[in-house]
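The values are calculated or read from the model by the stated rules, or taken from the named source; none is laboratory data. The shown structure was predicted, so the numbers you read here are calculated from the model rather than taken from an experiment. Virtual Cβ from ideal backbone geometry, glycine too; neighbours counted across all protein chains shown. Side chains are part of the model used for accessible areas, which takes the heavy atoms of the whole protein and leaves out ligands, DNA and RNA. Shrake-Rupley method; radii C 1.70, N 1.55, O 1.52, S 1.80 Å.
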Amino acid sequence: MLKKIILGAAVTTTALTAGVFLTFAVAINPAFRKLSDKEYILKMQKINRKIQNPFFFSAFFGAAVTLPLAIIFHRKSMPKNPLRWLTAAAALYTVGTFGTTIAANVPLNEKLDKFHVQTTLPAQAARVRQNYARSWNGWNTVRTIASLAAIVSASIAVAKSKSRNQK
């Protein structure tokens, strides 16, 4: 029973995290293009502070923990092919999603958070926005693709494992 719960948690938390990053890529970032530089910076600062909450952390850190745990729990009972898909999901998430976020997006967010937009000249705000948005959006694309690939891989692992069990 615990094995199924861990696998279910791994798939669910991976999907939730992929959804957050995909939402930024397809809705938030395009909508924010219309904002002035100062408005953009202020909104991203607010988002970056608000996203640090138990709900997001449960999904984001949860996937990083439960995907490898699912491999450990299923390494002897799951057929090799589905286990490879699950391993791919864990690698994609750990490196492409979790690693990218920690190594790239979070430092960019922390740097932006220290920028005092109210006391800056418009040209300086424009430079900060351009540098931040270009890097942040590029890395968000990496983690979005990695998290989507991870959820597809995890789903294939579950489907292949179930089809084997039904034969």
- Query: Can you give the percent of C-alpha pairs in the chain whose distance is more than 23 Å?
  - Reply: 44 percent
- Between the alpha-carbon centers of segment 43-103 and segment 27-41, tell me the distance in whole angstrom. 28 Å
- Query: With the contact rule set at Cα under 8 Å and sequence spacing of 6 or more, what percent relative contact order holds for the chain?
  - Reply: 38 percent
- Net charge near Phe73 (other residues with Cβ under 13 Å of its Cβ; Lys, Arg +1; Asp, Glu -1) is +4
- Once both axes come from the Cα atoms, what is the angle between helix 37-50 and the longest principal axis of the chain, in degrees from 0 to 90, rounded to 10? 40 degrees
- Message: Quick check: net charge around Val128, other residues with Cβ under 12 Å of its Cβ, Lys/Arg +1 and Asp/Glu -1?
- Response: +4
- Calculated from DSSP H runs of 4 or more alone, at -39500 (n - 2.57) each and per residue, what is the 222 nm mean residue ellipticity of the chain, nearest 500? -25500 deg cm²/dmol
- Contour minus Cα-Cα span, Leu121 to Ala31, at 0.36 nm per residue, comes to 30.0 nm
- Query: How far apart, in nm, are two points set 7 Å out from the Cα along the Cα-to-Cβ line at Phe56 and at Ile5?
  - Reply: 2.8 nm
- Query: In debye, nearest 20: dipole of the chain around its Cα centre with unit charges on the Cβ of K, R (+) and D, E (-)?
  - Reply: 520 debye
- Note on the structure: Residue-normalised value, i.e. accessible area per residue, for segment 16-145 at 1.4 Å probe, in Å², stands at 57 Å²
- Charge dipole magnitude, Cβ of K and R +1, D and E -1 - segment 11-82, Cα centre, debye nearest 20: 40 debye
- Protein accessible area in the chain, 1.4 Å probe - carbon and sulfur %: 66 percent
